[in-house]
Amino acid sequence: MFKGFKDFLLRGNVLDLAIGIVVGGAFTAVVQGLVNGILNPLIAAIFGQPDISHIGKFHLNGAEFSVGLVLNALLNFIIIAAALYFFVVLPVNKLMAMSKKPSPADEALSLEQSEVDLLTEIRDLLKTQNTAPTDVQA
């Protein structure tokens, strides 16, 4: 019983998930710092307020509607998605591409393809030599 529990805890996907949650929590602070330190002051400089949730408010039959609140949430989503993409996904993809070594199968396929290209070129040259008119005097 305990062996099964230990195997469950030590499986790679459980540990990866735990690490992902911790790193995600730490990255949340980075994104909040970016939003609160740079983007909200920029929005305040443009609109006169640190966020746009107060823009487009209106009342109808006692209910308060806020277009700015929806726009603010959408803007925050786009900012967070862009920050994740440009500061996490792109650098990690570049690092993975730089560190990825071609597998022996990829090298063999590349060698096989270059041999095929060479043979195709030889065949085409032979075709052009065989179809060229010859000046043979009889």
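The values are calculated or read from the model by the stated rules, or taken from the named source; none is laboratory data. What you are looking at is a predicted structure, and each value in this text was computed from that prediction instead of being measured. Note that we place each Cβ from the backbone using ideal geometry, even for glycine, and neighbour counts take in every protein chain shown.
Is it true that some residue in segment 58-77 is closer than 21 Å to residue 23 by Cα and either more than 29 Å from the chain's Cα centre (by Cα) or surrounded by 12 or more Cβ atoms within 10 Å (Cβ to Cβ) (or both)? Yes: segment 58-77 contains one or more residues that are closer than 21 Å to residue 23 by Cα and either more than 29 Å from the chain's Cα centre (by Cα) or surrounded by 12 or more Cβ atoms within 10 Å (Cβ to Cβ) (or both). Comparison of 70, 88 shows that the only residue that is part of a helix (DSSP H, G or I), at pLDDT 85 or above and not acidic (Asp, Glu) is 70. If you go through segment 39-86 and keep only what is closer than 20 Å to residue 25 by Cα and free of Cβ contacts under 8 Å to residues at least 24 places away in the same chain, you end up with 73, 77, 78, 81, 82, 85, 86. Report whether or not residue 55 is modelled with pLDDT under 85, within 30 Å of residue 33 (Cα to Cα), of a type in the set (A, V, I, L, M, F, W, C) and outside any helix (DSSP H, G or I). Against the criterion (modelled with pLDDT under 85, within 30 Å of residue 33 (Cα to Cα), of a type in the set (A, V, I, L, M, F, W, C) and outside any helix (DSSP H, G or I)), residue 55 qualifies.
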